[in-house]
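This report refers to the structure that appears directly beneath it.
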Amino acid sequence: MNEAPATLIGTAIARPDAVDKVRGEARFVDDLAFPGMLHAAVVRSPHPHARILGIHAEAARSMPGVVVVLTAADVPGENIVHVIVDDQPALAADVVRYIGEPVALVAAETRRAARAAVDAVRVDYEPLPFVASPLAALEPDAPQVAVPSAAEGGNLFNRMVLVKGDVDGTFAVADVVVEGTYETGYQEHAYLETQGMIAVPDGLGAIAIYGSMQCPFYVQNAVAKVLGLPLAKVRVVAAATGGAFGGKEDVPSLLGSLAALLSSATRRPVKLVLDREEDVLTTSKRHPSRVFYRTAARADGTLLAIDVDIVLNAGAYQTLSSAVLWRSLVTAAGPYRVPNVRVVARSVATNTVPNGAFRGFGSPQVIFPHESQIDLVAERLGIDRVEIRRRNVLHSGDRTSTDHLVRDSVGIAETLDRAAELADWTARLERAATYNRASRETKRGVGVACVLYGVGLGGKAPFLDKAGATIKLEPDGSIAVAIGTVEIGQGLTTAVLQVAAEGLGVPIDRIHLSPVDTSRVPDSGPTVASRGTMMSALAVLDAAGRLRERIERVAKAHRIAKREIAQRLPEIARFFWLENFDPAVEGWASTEPVSWDPATGLGDVYPVYAYATHIAEVEVNVDTGEAHVVDYVAVHDSGRILNRVLASGQVEGGVAQGIGFALMETIEEKDGRLIVNGLTTYRLPTIRDVPLAAAVDFVEALFPAGPFGMKGIGEVPVMAAHAAVARAVAHATGRNPTRYPLDPPRIKSLLGEKP
Amino acid sequence: MRIHLTVNGTGRTWEVAPGDTLLDVLRREGFAGVKKGCGTGDCGACTVLLNGRAVNACLVLAVKAEGHTVVTIEGVAQGGRLHPVQEAFLEAGAVQCGYCTPGMVLSAVSLLSHNPDPSEAEICEAISGNLCRCTGYVKQIAAIERAAARMRESQ
């Protein structure tokens, strides 16, 4: 499989989906309409925690254009949004646990009528004591937020541990010990397209859902549960999806369920599209974190032990928090050999919007600390920051923090060397020092960050790490491919087509890839964890291999030589049709077995890891506190790169999000309320905030079980970027930042601290 | 009330409410390539050309378009032929999810119609009001530079 002549693999095929997009013809969910379609709006809780005493919807029901108002009592199936733990209702029944929680639903003939009716629904609440801070929520007398069946006790959703070696003994004898407590805040996905779903009666008692999403099979499960339908009667189709970044992993299950409830009650199509403010206020974000991190090292810079305590603010319901926390746990050591490890990780319920997946998925919260700590060790020992990483990064034959012996595809050392070379590291440090001696108002700083990312779902959810595909040879020689992971902008369509063409040995322009439709392929797991392209490509290769054999058999019977097949495919396809050969093939892929022991946290937790090293140079204005990224180098090991333009696009976009996370993006919370109104007060990086001359490169440590040796890339860039930028700010200011974002007020206050 | 305007070269007469934005009305009338990203003028996804100038359609009341000329993304390609900016976006890999793309393309078309040889700083200025969460903007700059060169050559 990996030996195929790689004529298309690695080439920069242009994206076929981009043609509709540049013409404005790509159809996103809000561009779709169905005959008789109604519009939905959601009545939401204004309280962080309250008992619902009564819902009065008579006035709303009698308003012009209003067709139905639904509450929890109207849910025909289970009133649950199924994600991992079934604690979140589709519509709150007796208690609301966060501001913005859905309480009732309206469907009306127009969007305007639906919104007006929302204002006319009166809900009587008895406010309850609330808690918005995770540390306060862990106090014994804190208000009970968590649904008790979903918690390990009180508001503790999850507690996980990872223990290896003798941590206390090592700290007692180590040459150097450094510690810090690091905090990160909210990051909003801010996909340019807000969330939306349309539910449509699909005949014979079935329902179809069209929408903006990463995980059609999650939505299928959730909708089946809330309507009490068998899975076979729920069909989910992914519309063009305008960015996701994890934000459209679990939230579409809730929104799809709400649209489905209204469609089922009215027997009409129903569209639910959030406006920007509603989206920002009521959908998941990156978990705010507090991480205590202590590191022990030998005098030569060798890392000996880490002792880490992680607290994530989960929000009011579990959603994906246990999976996010697990990734924090197993990523806490970074890409380094650390023989003695203790990590305790907790996710805590608070009366705030449930947090979920965001590119990196619990890893950025530990990467900021692990990259800060290794710099502190270097500084204490007078070792160069690239050099200390060289001495500690994993090589083939080493064991990760979870005791996973890694053999294949361990490219972190090569990324580090290549990045240092591209950045001209030593000379760059000298140039910055020279600049800083001459400049009072602005200071330059250079930061480096190394990361590892376990590709796929790993030991926490191995049952999801699979994918299906079907390939059908049409009678005219064109080829239809269906897969189960979604194009969300990352370029999966193009990469999968390249792999299909390579696997079938036919020209790429003969092949069409249709949007994901759950009725066409088996449950292929979610489009998350940098797995979407890799898994669907494997499933497509599996199918392509068998269809290719069939095509070659038919060709041979008709005396068509192998080398002529690509050109004469229409003829061969005609023979398939005339002679009644089966032209369709199912493909399947699943990852190699993984292991994880919840008691120790140890195991071979992922099939493979992707790696990266980023180097950022920033300029900090010491008078205003503004930091600006002036130059950038990013080097990734994601195995074989299927398409360099797509891959570098992933890196450049991830770098921009990382800069946002490190320098500008956050949301303040006050009394359980998020202080934000959309994109006016949530500032995203613009073209002025990103390094336009970034150098992006790849080292390709091939993954034997991946398609043509590739492993995932999607999340890795953002993970490395924020830390490289934060450490560059540290270098420029001579201080150790411990809180994001490093916006002007924080940098000013940092500069006021003692170095 | 009724407004008369020219959209992508065709005269239109539309019934609008006083509070309708140009974005609302264009989308309602089938110009779905005009995207709504925020509704507050922050993201630029709804950029259209109003009398040749790039504006956020969400910040323009429909009644203010009376008598004016509007170009949406649907009017940028001439017949089956893509505009050089659209071609360059494809070739440079400047499109990911595609939601910001129509607005970004129109900002670039507007820039190049006034300034055939823009500097990098001028390109940045022209698309600084167009947010993109996917790409990091690098490939858009390359695309716009490529389109500018091609348009200069063909003149």
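The values are calculated or read from the model by the stated rules, or taken from the named source; none is laboratory data. Only a predicted model underlies this, so the values are computations on that prediction, with no experimental measurement involved. Cβ: placed from backbone, ideal geometry, glycine included. Neighbour counts: every protein chain shown. For accessibility, only protein heavy atoms count, side chains too; no ligands or nucleic acids. Shrake-Rupley method; radii C 1.70, N 1.55, O 1.52, S 1.80 Å.
The aspartates and glutamates whose alpha-carbon is closer than 15 Å to the alpha-carbon of A:Lys748, local same-chain residues fewer than 8 away aside, are A:Glu441, A:Glu619, A:Asp623, A:Glu626. Counting only alpha carbon atoms, the long axis of helix B:101-114 and the longest principal axis of chain B meet at about 80°. Dividing the summed helix terms, -39500 (n - 2.57) for each DSSP H run of n ≥ 4, by the number of residues in chain A produces a 222 nm estimate of -9000 deg cm²/dmol to the nearest 500. The accessible surface of the protein assembly as shown, taken with every protein chain in place and a 1.4 Å probe, is 51 percent carbon and sulfur.
What's the whole-number percent of alpha carbon pairs in the range A:365-443 lying beyond 22 angstrom? List each step's numbers first, then the result.
Numbers: 1240 of 3081 pairs.
Counting every Cα pair in the range A:365-443, those more than 22 Å apart make up 40 percent.
Mind scanning A:Lys466/A:Lys711; A:Lys285/A:Lys466; A:Lys21/A:Lys466; A:Lys21/B:Lys139; A:Lys233/A:Lys271; A:Lys225/A:Lys248 and naming the pairs with a C-alpha gap bigger than 21 Å?
Working: A:Lys466/A:Lys711 15 Å; A:Lys285/A:Lys466 26 Å; A:Lys21/A:Lys466 30 Å; A:Lys21/B:Lys139 15 Å; A:Lys233/A:Lys271 19 Å; A:Lys225/A:Lys248 19 Å.
Pairs exceeding the cut-off: A:Lys285/A:Lys466; A:Lys21/A:Lys466.
Projecting the Cα atoms of A:Leu91, A:Asn158, A:Gly36 onto the charge dipole of chain A (Cβ charges, centred on the Cα centre) puts A:Gly36 farthest toward the positive pole.
Only loop residues by DSSP count here, and only those with at most 16 other Cβ atoms within 10 Å; note down the GluC sites (Glu not before Pro) in the range A:124-213 that meet that.
A:Glu152
For the range A:425-507, the list of GluC sites (Glu not before Pro) that fall in a loop by DSSP and count at most 12 other C-beta atoms within 10 angstrom reads A:Glu441.
Could you work out the relative contact order of chain A, using alpha carbon pairs under 8 angstrom and six or more residues apart, expressed as a whole percent? Relative contact order here is 16 percent. Under the convention that each Lys and Arg Cβ holds +1 and each Asp and Glu Cβ holds -1, the size of the dipole of the range A:395-463 around its Cα centre is about 400 debye. Taking θ as phi - 60° and the Karplus parameters 6.51, -1.76 and 1.60, the scalar couplings of the range A:301-314 work out to x, 5, 6, 10, 7, 10, 9, 10, 10, 10, 10, 10, 7, 7 Hz in sequence order, x denoting glycine and proline. The calculated P(r) of the range B:84-153, using every Cα pair and 10 Å bins from 0, goes 24, 62, 14, 0 in percent. Per residue, the range B:84-153 exposes an accessible area of 30 Å² to a 1.4 Å probe, with every protein chain left in place. Think of it as helices only: each DSSP H run of n ≥ 4 in chain B is worth -39500 (n - 2.57), and spread over all residues that comes to -10500 deg cm²/dmol at 222 nm. Note that the range B:2-75 presents 40 Å² accessible area per residue, ligands and nucleic acids not counted, probe 1.4 Å. Projecting each Cα onto the charge dipole of the protein assembly as shown (Lys/Arg +1, Asp/Glu -1 at the beta carbon, about the Cα centre), which of A:Phe575, A:Gly256, A:Ile479 comes out farthest on the positive side? About the Cα centre, the residue reaching furthest to the positive side is A:Phe575. When the Cα gyration tensor is reduced to axis lengths a ≥ b ≥ c, the ratio a/c stays below 1.5 for the protein assembly as shown, which is therefore classed as rounded. Between chain B and chain A, the total buried accessible area stands at approximately 3700 Å², from heavy atoms with a 1.4 Å probe. Given in Å, the Rg to one decimal and the Dmax to the nearest whole number for the Cα atoms of the range A:587-731 are 18.6, 60.
Residues whose amide H falls under 5 Å from that of A:Ala240, counting only those 5 or more places apart or on a different chain, are A:Arg27, with hydrogens built in the peptide plane.
Normalised per residue, the accessible area of chain A is 33 Å², obtained with a 1.4 Å probe and no contribution from ligands, DNA or RNA. What you get for the protein assembly as shown, charging only the Cβ of Lys and Arg (+1) and of Asp and Glu (-1), is a dipole of about 920 debye around the Cα centre.
Counting other Cβ atoms within 10 Å, which trypsin sites (Lys or Arg not before Pro) in the range A:431-505 have at most 13 and lie in a DSSP loop?
Numbers: sites: A:Arg431, A:Arg437, A:Arg440, A:Lys443, A:Arg444, A:Lys460, A:Lys466, A:Lys472; in loops: A:Arg440.
Passing sites in the range A:431-505 are A:Arg440.
Value of Rg to Rh for the range B:2-75, rounded to two decimals, is 0.91; Kirkwood radius and Rg both from alpha-carbon coordinates. For the range A:171-176, 3J(HN,Hα) computed residue by residue from phi via the Karplus equation (6.51, -1.76, 1.60; θ = phi - 60°) reads 4, 5, 10, 5, 5, 9 Hz, glycine and proline entered as x.
How high is the relative contact order of the range A:519-606? Use alpha-carbon pairs under 8 Å, at least six apart in sequence, and give a whole percent. Numbers along the way, then the final one.
Numbers: 53 pairs, mean separation 26.3, N = 88.
Answer for the range A:519-606 is 30 percent.
Dipole magnitude for the range B:84-153: about 220 debye, using +1 per Lys or Arg Cβ and -1 per Asp or Glu Cβ, origin at the Cα centre. Two tests apply to each whole DSSP H helix in chain A, Cα reach of 24 Å or more along its axis and mean Kyte-Doolittle hydropathy of at least 1.0, and the ones passing both are A:716-733. With a simple spin-label model that places each label point 7 Å from the Cα along the Cα-to-Cβ direction, the separation between A:Ala12 and A:Glu586 comes to 4.0 nm.
Phi angles of the range A:199-206 translate, via the Karplus equation with coefficients 6.51, -1.76, 1.60 and θ = phi - 60°, into HN-Hα couplings of 10, 9, x, 10, x, 6, x, 9 Hz per residue; Gly and Pro are given as x.
Mind giving me the FRET efficiency for A:His512 and A:Val622? R0 is 56 Å, r the Cβ-Cβ distance, nearest 0.05 is fine. If you can, show how the numbers build up before the last one.
Numbers: r = 57 Å, r/R0 = 1.01.
Result of the calculation: an efficiency of 0.50.
Amide H contacts under 5 Å for A:Asp250: A:Ala357, restricted to partners 5 or more places along the chain or on a different chain, H placed in the peptide plane at 1.01 Å from N.
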